[in-house]
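See structure below.
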Amino acid sequence: MIGQDIIARFSALLGPKGVITDADDIAPWVNDWRERFHGSAAAILSPASTQEVSAVVKLAAELGVPLVPQGGNTSMVGGATPPADGSALILSLRRMNAIRSLSTDDNLAVCEAGVILSVLHDAAEAAGRRFPLSLGAKGSATIGGLVSTNAGGTQVLRHGTMRALVEGIEAVLPDGSIFDGLDALKKDNRGYDIKQLLIGAEGTLGVVTAAALRLVPAIAARAVGWVGVDTPADALRLLRLIEERLGDAVEGFEVIADDGLGHVLSHIPGTRSPIETRTPWHVLIEVDHADTSEPGPAARLEDALAAAFEAEIAIDAAIAANEAQADAFWRIRESLSESEKAQGPALQYDISVPVAKMPAFMVDAAAAAEATFPGHTASSFGHLGDGNVHFHVRAPKGTEDGPAWIAAEGPAINRFVHDAVVAAGGSISAEHGIGQMKRAELGRLASPARIGALRAIKAAFDPYGLFNPGKLVPLSDEA
Ligand SMILES: Cc1cc2nc3c(=O)[nH]c(=O)nc-3n(C[C@H](O)[C@H](O)[C@H](O)COP(=O)(O)OP(=O)(O)OC[C@H]3O[C@@H](n4cnc5c(N)ncnc54)[C@H](O)[C@@H]3O)c2cc1C
C-alpha cells in the first residue's frame, strides 16, 4: 500500500480538492462495473488541468508510483480497476470536464477527458449538430475512457468507432511531457500517428487529457422500427435489403435474441415488447435523415419492411409512432446488460467475426456451448452489421454464488468461446478492450508478431511500466 508520505507529495501539488483519501469516497471506484474485479487504492488523484496532470505524472515517475487512469469506471473488462494489493493510485480525469470549444464551422468539439458522453450529446444538439456515438453507459462514460477503449456502440455501421471520430488528441505521456495533437489537421504525415496509438491504448501509454471530436449534422427526421425474425441469417438478409433501399440512412441495426428481450421485460420497469409476436430473434432499426425531404424515413422504412414481409424475412414488425415510442424501443436495447445482470451470473464475450460468418456463429456457438456445458444457456445480441455481438453464457438456473461459478467454470468456458471465435477468424475483443479480464487469453491466442509489437510499443512509451499495470499487454508467462 502506498504510504501517507507519498500521498502528501501529491496533495502538495493538487491541493485538498485534488486528492481523495476517504475510504467511503474511494470505494465506488476500486471495483469494476460488473463487480468482477476488486482493487484497492490509498488515494484518487483528481487533477483539474492538463498542467496538473503533467505535474502528477512527473512526480509519479520520480517516485515510481504506478497510476491507473480512470474516467467513468464503466469498463467491461476491469480496465480501470486498480491492482488489489494497493500498489497503484487512481488518476481520475473526472474533474477535467469542460467542453473547451464547439465549432459548427469545423464541425468539431474539443472536450476534456472527463466530459461525460451524454453531456457532449446535449451540447452538440444545442448547436444543431450531434456526436454520432452512443452506448448504454452514456450517462457515466467519459471522453477519455471512450477514446482509450476505442469505444463502439450502436452507430458504428454508419459512423465508425471512436477511431473514426477522433480528429485530435492532447495527452500527457509517461514522462510527464504534454503531447499537443489537438490541431485536427486533415493531412499530417509527420510519421507515426501518436494519436492513433493512444486511441484504444487503455491508459497503458499515457493519459488522454482532451480530444477534438467530429460532429455530424443533427437528425431532422428519424424512424425507429422493431422487426421479429426467425434467425440471425434472416436478420442479415433484412439489413442488406434495407441498405439496398435506404443506402447509408441506416443509422442503427441491432439484433437481440428473444431471451434477452425477456430479461428486459422481467427486470426493467415500464418496458413492453414493441411487437405482439414472440419471435426467436428481434431487430431494432433506426433510419435517419439530416433533412425533412419527402418521403421521410418512416415512409421509406415502411416500404422496405413491406418488401421484407414479401420476401418472408420479417415475421412481425412495428414502427415507432412518435419520439417517446422510439426512445422506448431503444431503451430495451440499452437495458440489455443491466437486465442480464439482474437475471443472474453470466460470462460475457464481446467478440467479432467476419460479418458473413456471424449468423452461423451466433446459432452454432450457442448450441455448442450449451451442449458442452450442460445446464448453461448461451445467446447473443448486438451489432450484427459490424460483425460484432455480445455473446453470453449464463450460469445454470438457481446458481446463487456467481464468483464461485466463475472460478469453477469460467476458465473452460472462456477457452471454449475464444477458441470458437479464433476458428471463425475473429477477435476476442471487438469493443470493450482487453483490460485485465482478457489479457491472458490475448497472450494465449494472439500471434507472436502482435504480442511482440504490443510489448515493444509499451516499453518505448512506458519503460518503467507505471501506466495501468497489469492491463492489456500479456505478461511474460502468458504468451
Ligand atoms: C451498460 C454498459 C454498456 C456499454 N456498452 C458499450 C458499447 O456498446 N460499446 C463499447 O465500446 N463499450 C461499451 N461499454 C463499455 C464502456 O462504457 C466503454 O469502455 C467506455 O469507453 C469506458 O469509458 P469510461 O469513461 O467509463 O472509462 P473507464 O472505465 O474509466 O476506463 C476504461 C479504460 O480507459 C482508460 N482510461 C480512462 N480514461 C482515460 C484517460 N483519460 N486517459 C487514458 N486512459 C484512460 C482506463 O485506464 C481503462 O483502461 C458499456 C459499458 C456499460 C456499463
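Values as computed for the structure displayed
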{"quantity": "Convex hull (Cα only) mean projected area of region 202-317, reported in nm² to one decimal", "calculated": "10.6 nm²"}
{"quantity": "Hull volume in cubic angstrom per residue (convex hull over the Cα atoms of region 1-134)", "calculated": "118 Å³"}
{"quantity": "Packing-based ranking, highest mean first, of 370-376, 7-13, 385-391 given that Cβ atoms within 10 Å are counted", "calculated": "385-391, 7-13, 370-376"}
{"quantity": "Label-point separation, Gln196 to Ile178 (7 Å along Cα→Cβ), nm", "calculated": "2.7 nm"}
{"quantity": "Highest average packing first - 188-196, 208-216, 406-414, Cβ atoms within 10 Å", "calculated": "208-216, 406-414, 188-196"}
{"quantity": "Loop sites in region 263-345: GluC sites (Glu not before Pro), DSSP, at most 15 other Cβ within 10 Å", "calculated": "Glu276, Glu312"}
{"quantity": "Folded to 0 to 90 degrees: helix 4-14 orientation relative to the chain principal axis, Cα", "calculated": "70 degrees"}
{"quantity": "Tilt relative to the chain, helix 117-126 - C-alpha long axis, 0 to 90 degrees, to 10", "calculated": "70 degrees"}
{"quantity": "Inter-centroid distance (Cα atoms) of region 1-66 relative to region 392-438, Å", "calculated": "31 Å"}
{"quantity": "With Cα atoms, 0 to 90° folded angle of helix 258-267 axis to the chain main axis", "calculated": "70 degrees"}
{"quantity": "For the chain, radius of gyration divided by Kirkwood radius, i.e. Rg to Rh on alpha-carbons", "calculated": "0.97"}
{"quantity": "Fully extended contour minus Cα-Cα distance, from Glu276 to Lys357, at 0.36 nm per residue", "calculated": "26.2 nm"}
{"quantity": "Segment Asp327-Ala342, extension gain: residue separation times 0.36 nm, minus the distance between their alpha carbons", "calculated": "3.2 nm"}
{"quantity": "Sites Ala23 and Asp85, calculated FRET efficiency, Cβ-Cβ separation with R0 22 Å, nearest 0.05", "calculated": "0.85"}
{"quantity": "For region 325-466: rounded, prolate or oblate by the Cα gyration tensor [a/c cutoff 1.5]", "calculated": "prolate"}
{"quantity": "Qualifying aspartates and glutamates (Cα of each under 19 Å from Cα of Lys58; at least 8 residues distant if same chain)", "calculated": "Asp5, Glu170, Asp175, Asp180, Asp462"}
{"quantity": "C-alpha center-to-center spacing [region 324-354, region 113-175] in angstrom", "calculated": "20 Å"}
{"quantity": "Enclosed volume per residue, in Å³, of the convex hull spanned by Cα atoms of region 439-479", "calculated": "55 Å³"}
{"quantity": "Neighbour-count order for Val473, Val119, Val19, fewest beta carbons within 10 angstrom listed first", "calculated": "Val119, Val19, Val473"}
{"quantity": "Helical contribution to [θ] at 222 nm, DSSP H n ≥ 4, -39,500 (n - 2.57), averaged over the chain, rounded to 500", "calculated": "-11000 deg cm²/dmol"}
{"quantity": "Computed lengthening from Asp188 to Asn97, 0.36 nm per intervening residue step minus Cα-Cα distance", "calculated": "30.0 nm"}
{"quantity": "Neighbour-count order for Met1, Met162, fewest beta carbons within 10 angstrom listed first", "calculated": "Met1, Met162"}
{"quantity": "Mean Cα-pair separation over length for the chain, i.e. relative contact order, pairs under 8 Å, 6 or more apart, %", "calculated": "15 percent"}
{"quantity": "Nearest-0.05 FRET efficiency for Leu13 and Ala307, computed from C-beta distance (R0 45 Å)", "calculated": "0.10"}
{"quantity": "Simple Cβ-charge dipole of the chain, Lys/Arg +1 and Asp/Glu -1, about Cα centre, in debye nearest 20", "calculated": "1020 debye"}
{"quantity": "Ranked by how many other beta carbons lie within 10 Å on average, peptides 86-93, 144-151 from highest", "calculated": "144-151, 86-93"}
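Where a number appears in this text, it was derived from the coordinates with a stated rule and is not lab data. The shown structure was predicted, so the numbers you read here are calculated from the model rather than taken from an experiment. Backbone-built Cβ (ideal geometry, glycine too); neighbour counts: all protein chains shown.
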